[in-house]
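Q: Could you have a look at this structure, given as structure tokens, before my questions?
The values are calculated or read from the model by the stated rules, or taken from the named source; none is laboratory data. Bear in mind the structure is a predicted one, so any value in this text is a computation, not a measurement. Here Cβ is always computed from backbone atoms with ideal geometry, including for glycine, and neighbour counts include all displayed protein chains. Note: accessible area is taken over every heavy atom of the protein model, side chains too, but ligands, DNA and RNA are not part of it. Shrake-Rupley method; radii C 1.70, N 1.55, O 1.52, S 1.80 Å.
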Amino acid sequence: MQGYQLTFFTTHDRRHGGLPLGEWLLQEARKLGVAGATLLAASEGFGHDRKLHSAHFIELADQPVEVTMALGEADAERFFQRLRDERVRVFYVKAPIEFGVTGES
């Protein structure tokens, strides 16, 4: 299949709809019928503000988070429409990809 890999970058302390933004993105992908998505917690990173974000032993609020999913063009547009409707502001990368499953079911 042809489609897009969407990767969203945020931090653990950013929230939307009462949830951490990364978790909200994951749940919205599931509600919209996206076949799969992965939430990854990173140890360090920096963003447009050039500030270093990192996970600390006691406090995880500033921990970088990444949500990645592979989806077709129509699903990608529906996902971005949902973000517009919810007025979510988040950095993303959208890359064209080929995806599928190997082997027998």
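Q: With respect to Asp62, is the statement that it is more than 25 Å from Phe99 (Cβ to Cβ), open to solvent by 40 Å² or more (accessible area, probe 1.4 Å) and modelled with pLDDT under 90 true?
A: Details: more than 25 Å from Phe99 (Cβ to Cβ): yes; open to solvent by 40 Å² or more (accessible area, probe 1.4 Å): no; modelled with pLDDT under 90: yes.
So Asp62 fails the test.
Q: Give just the number: which of (1) modelled with pLDDT under 95; (2) open to solvent by 60 Å² or more (accessible area, probe 1.4 Å) does Thr10 not satisfy?
A: (2)
Q: Restricting to the stretch 1-18, count the residues that are among the small types (Gly, Ala, Ser) and not in a loop (DSSP other than H, G, I, E, B).
A: Quick first cut of the stretch 1-18, residues among the small types (Gly, Ala, Ser) only: 3, 17-18.
Cutting the leftovers down to not in a loop (DSSP other than H, G, I, E, B) gives us 3.
Total satisfying the criteria: 1.
Q: Could you please find all residues in the stretch 60-83 being within 16 Å of Lys31 (Cβ to Cβ) and in a helix (DSSP H, G or I)? Give the steps one after another, and end with the answer.
A: Filtering the stretch 60-83 for residues within 16 Å of Lys31 (Cβ to Cβ) gives 67, 69, 71, 74-83.
Answer for the stretch 60-83, where residues must be within 16 Å of Lys31 (Cβ to Cβ) and in a helix (DSSP H, G or I): Ala74, Asp75, Ala76, Glu77, Arg78, Phe79, Phe80, Gln81, Arg82, Leu83.
Q: Every residue in the stretch 86-105 that is charged (D, E, K, R) and under 16 Å from Val34 (Cβ atoms), please.
A: Scanning the stretch 86-105 gives Glu86, Lys94.
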